[in-house]
Every structure is written in C-alpha cells, then in structure tokens.
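J.: Before I ask anything, here is the structure I am working with.
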Amino acid sequence: MPDRLLPSSHSVLRLFNLLDGIRQLSPFSALSPEEEQLLGRLVLRWHGQARFTISDIMHDDASSSPSTVYRRVVGLLDKGLAELHTDPNDRRIRYVEPTALTREYVRRMGEGLADLFPEAHRA
Amino acid sequence: MTPDLARVARSMLAVLIVALAWVIVFKLNQLLFDGTRNSRWTHWIFIPAAVRIIAVMLLGWRGAAGLVLGAWFTLRPEDAGYLPHAIALPVSSGLAPLFAMSMWRRLTGLREDLNGLRASDIVGLALSCAVMNSALLNLVLTLTGSVQRELLQIVTVVVGDAAGIMIVLMPLALLLSLRRTRRTTS
C-alpha cells in the first residue's frame with residue numbers, strides 16, 4: 001500500500017471500527033451473517049473434533065484474513081456464544097468451548113428445523 | 001500544494017469541523033437541556049460530551065484542538081472576560097478526553113486504529129472522559145476560587161457527561177444495528 005494512503009486510511013479505519021463498536025451498544029445487536037456462519041462451523045467442530053484454539057480457527061478459515069476471523073471469534077465471545085478455557089497442562093493454550101447459551105442456540109435451531117421438516121425429524 | 005501543506009490543511013479542516021460540531025451540539029444542549037443546569041458550568045445532561053469522545057477517538061490531538069477551539073467559542077461572557085477561565089476552561093475541555101483516551105489505551109491495549117473496539121470500551125471511555133473532565137474542570141474552578149458545593153459540582157459533571165454521551169450514542173447504536181438487520185434479511 002502506498003505510504004501516502006496511510007494517514008487517510010487510518011482515519012477511515014478508525015471510523016469503521018468506531019461505528020462497529022457503537023453498534024454493539026445496541027441491545028438488538030444480533031449476530032452478523034459472518035458470525036452466524038462462523039458459529040455454525042464451530043458447532044460442527046465441537047461436535048466432531050478434538051479441542052481447538054483461536055489460532056486453529058484463524059488458520060483453517062481460508063475465506064477471510066486471520067485478523068477478520070479473530071474479530072468474529074471475539075464477537076462470539078462478547079455475545080456469550082463461546083468461551084475460552086485454559087489448558088491445565090499448558091497455561092499458554094486456551095481452547096474455544098461452547099457455552100450454555102451456545103447449547104441453547106443449537107437446541108432452538110434444532111427445534112426450528114424439526115418444526116419446518118417434521119417428516120425428516122421423525123425419520 | 002506540497003504533501004506537507006496538504007497535511008496541514010487537512011489537520012486545520014479537521015480542527016474546524018470539530019469546533020463547529022461542538023458549537024452546534026452545545027447550542028442544541030442549551031435548547032433541549034438547559035433546565036438541567038446545576039451551575040454556570042455544569043448540567044445534569046450534557047450532550048456535547050459525546051462530541052468530545054468521538055472527536056478524540058477519530059482524530060486524536062486534532063480532535064482535542066477542535067474541542068479547545070469550540071469550547072472557546074461557547075464560553076459564557078463572564079468566563080470569556082476573565083483570562084484564567086478564558087484559557088483554562090477550553091483547554092481542560094480538550095485535554096480531558098485526550099488524557100482519558102490515552103489512559104484507557106494503556107490500560108486495555110486498545111489499538112490506535114480502534115481495531116477490536118467493543119461496547120465495553122466505549123462505556124469505559126465514556127466514564128473515563130466524564131471523570132477526567134470533572135477532575136480537570138473542578139481543578140480549574142478550585143484554583144481560580146470559583147467553585148462552590150464541590151462534591152455536587154464533581155458529581156454533576158460526571159453524571160452530565162456520561163448521560164450526554166449515552167443519549168447520543170444509544171440511538172446511533174440502535175440505528176446501526178437495525179440498519180444492518182434490515183440489510184441482512186432483504
């Protein structure tokens with residue numbers, strides 16, 4: 001990026017980040033589509049795989065930059081849809097784990113799908 | 001225009017815009033919340049405090065300079081005619097959010113470009129700005145022998161600034177979150 005663009009882009013970055021922060025003040029600040037998508041991927045990982053860290057998520061997601069993925073993970077942490085648990089054997093490692101709210105979210109999604117597709121649910 | 005001159009011109013424009021925003025919101029506060037005045041310098045609701053926090057977060061020292069200029073324009077005649085107040089009151093108005101921002105960034109590691117800014121940072125910054133402004137304002141008034149009922153004065157500024165910031169930011173937050181929801185469902 002050319003040096004002359006840096007000061008302007010810096011103010012623009014601040015503006016976007018400030019607006020994003022202000023938006024989070026709202027009690028109606030729902031999950032963004034990207035956060036919802038990320039949560040879906042995390043639910044699959046919690047179901048099928050071994051424990052994982054934020055770094056694992058950042059490196060495995062090829063669709064966005066690591067910093068963008070990190071920001072979305074933090075968004076989920078802030079909304080109580082994920083939490084960090086320190087590895088008792090290595091306190092440097094913190095695993096991303098579901099919360100009670102995540103389980104409630106998944107349960108409601110399942111109920112919603114069962115209502116939409118009762119035949120499939122019975123099968 | 002050389003790059004340095006262009007940069008200076010942009011800085012001056014930023015300062016003027018902030019000063020203008022301060023004056024407009026100050027007048028709006030007089031129109032809407034003058035009934036909450038507690039003393040010559042304090043209100044129980046003071047919405048220009050939102051201009052302080054936004055200006056400094058977006059523009060740093062340029063924002064603070066704009067606040068000083070704007071506060072100078074909105075000085076009451078009694079203060080404008082008394083040199084210590086004419087200088088110290090606008091300067092404290094500009095420095096308070098700058099100090100609060102600097103302190104918050106040291107405390108939380110918040111980046112200069114505000115990457116990772118969360119709602120809790122905004123609330124924390126709002127309270128820090130309110131407390132810092134109260135501290136500096138009351139220090140100035142104490143040193144100039146102008147303050148009476150110190151504790152009430154201190155509390156009024158903290159409450160007034162914090163309430164003013166939230167009154168401005170909450171509707172904006174609702175607007176931004178509803179706008180995003182509408183965009184994602186269409």
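The values are calculated or read from the model by the stated rules, or taken from the named source; none is laboratory data. Note that the structure is a prediction, hence the values are computed from the model and not measured. Methodologically, a virtual Cβ is constructed for each residue, glycine included, from the backbone with ideal geometry; neighbour enumeration extends over all protein chains shown.
Here is a yes/no grid of residues against (1) away from chain A (no Cβ under 14 Å); (2) buried (at least 23 other Cβ atoms within 10 Å of the Cβ):
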{"site": "B:Ala49", "(1), (2)": "yes, yes"}
{"site": "B:Leu67", "(1), (2)": "yes, yes"}
{"site": "B:Trp72", "(1), (2)": "yes, no"}
{"site": "B:Ala100", "(1), (2)": "yes, yes"}
{"site": "B:Gly109", "(1), (2)": "no, no"}
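J.: Would you say A:Leu18 is within 12 Å of the chain's Cα centre (by Cα) and at pLDDT 85 or above?
T.: Taking the combined requirement at face value, the residue does not satisfy it.
J.: Hey, another quick one. Given the conditions (1) more than 15 Å from B:Ala19 (Cα to Cα); (2) surrounded by fewer than 18 Cβ atoms within 10 Å (Cβ to Cβ), and given that B:Ser134 satisfies all but one, which numbered condition is not satisfied?
T.: The number of the failed condition is (2).
J.: Follow-up. Output the helices (runs of 4 or more DSSP H) that fall wholly within region B:1-102 and possess 1 or more residues being touching a Lys or Arg at 6+ places or on another chain (Cβ under 6 Å) and more than 21 Å from B:Leu136 (Cα to Cα), or say none.
T.: Working: elements: B:3-33, B:48-59, B:61-73, B:77-80.
The helices (runs of 4 or more DSSP H) meeting that bar are B:3-33, B:48-59.
J.: Output the number of the condition that A:His10 fails; it satisfies all remaining conditions of (1) within 9 Å of another protein chain (Cβ to nearest Cβ); (2) modelled with pLDDT of 70 or more; (3) buried (at least 17 other Cβ atoms within 10 Å of the Cβ).
T.: (3)
J.: Could I ask something else about it? Can you confirm whether region B:94-106 contains a residue that is closer than 14 Å to B:Ile54 by Cα, touching a Leu at 6+ places or on another chain (Cβ under 7 Å), of a type outside the set (A, V, I, L, M, F, W, C) and at pLDDT below 90?
T.: no
J.: Out of the residues in region A:25-51 meeting the condition of being within 9 Å of chain B (Cβ to nearest Cβ) and modelled with pLDDT under 80, tell me which one is surrounded by the fewest Cβ atoms within 10 Å (Cβ to Cβ).
T.: A:Pro27
J.: Does region B:145-158 include one or more residues that are within 24 Å of B:Leu16 (Cβ to Cβ) and crowded, with 18+ Cβ neighbours inside 10 Å?
T.: Taking region B:145-158 first, the residues within 24 Å of B:Leu16 (Cβ to Cβ) are none.
Checking region B:145-158: not a single residue is within 24 Å of B:Leu16 (Cβ to Cβ) and crowded, with 18+ Cβ neighbours inside 10 Å.
J.: Then there is this: Kindly establish whether B:Leu89 is among the hydrophobic types (A, V, I, L, M, F, W, C), modelled with pLDDT under 95 and touching a Phe, Trp or Tyr at 6+ places or on another chain (Cβ under 8 Å).
T.: When the stated conditions are applied, B:Leu89 passes them.
J.: Here's something else I'd like to know. Restricting attention to region A:54-67, which residues are loosely packed, with under 15 Cβ neighbours inside 10 Å and within 21 Å of A:Ile93 (Cα to Cα)?
T.: A:Ser55, A:His59, A:Asp60, A:Pro66, A:Ser67
J.: Looking only at region B:110-158, how many residues end up being under 30 Å from A:Val73 (Cα atoms), part of a loop (DSSP other than H, G, I, E, B) and of a type in the set (Gly, Ala, Ser)?
T.: 1
J.: Considering each residue of region B:77-98, count those that are surrounded by fewer than 15 Cβ atoms within 10 Å (Cβ to Cβ), closer than 22 Å to B:Leu31 by Cβ and touching a helix residue (DSSP H, G or I) at 6+ places or on another chain (Cβ under 9 Å), and give that number.
T.: Looking only at that region, the number is 1.
J.: Have a look at A:Arg108, A:Arg103, A:Arg91 and point out the one that is outside any loop (DSSP other than H, G, I, E, B), modelled with pLDDT under 80 and either surrounded by fewer than 16 Cβ atoms within 10 Å (Cβ to Cβ) or away from chain B (no Cβ under 14 Å) (or both).
T.: After ruling out the rest, the residue left standing is A:Arg108.
J.: Also, quick follow-up: Just to be sure I understand the filter: pairs with C-beta atoms under 8 Å, separated by 6 or more residues or on different chains, first member in region B:119-142 and within 14 Å of another protein chain (Cβ to nearest Cβ), second member outside any helix (DSSP H, G or I) and basic (Lys, Arg). Which pairs pass?
T.: none
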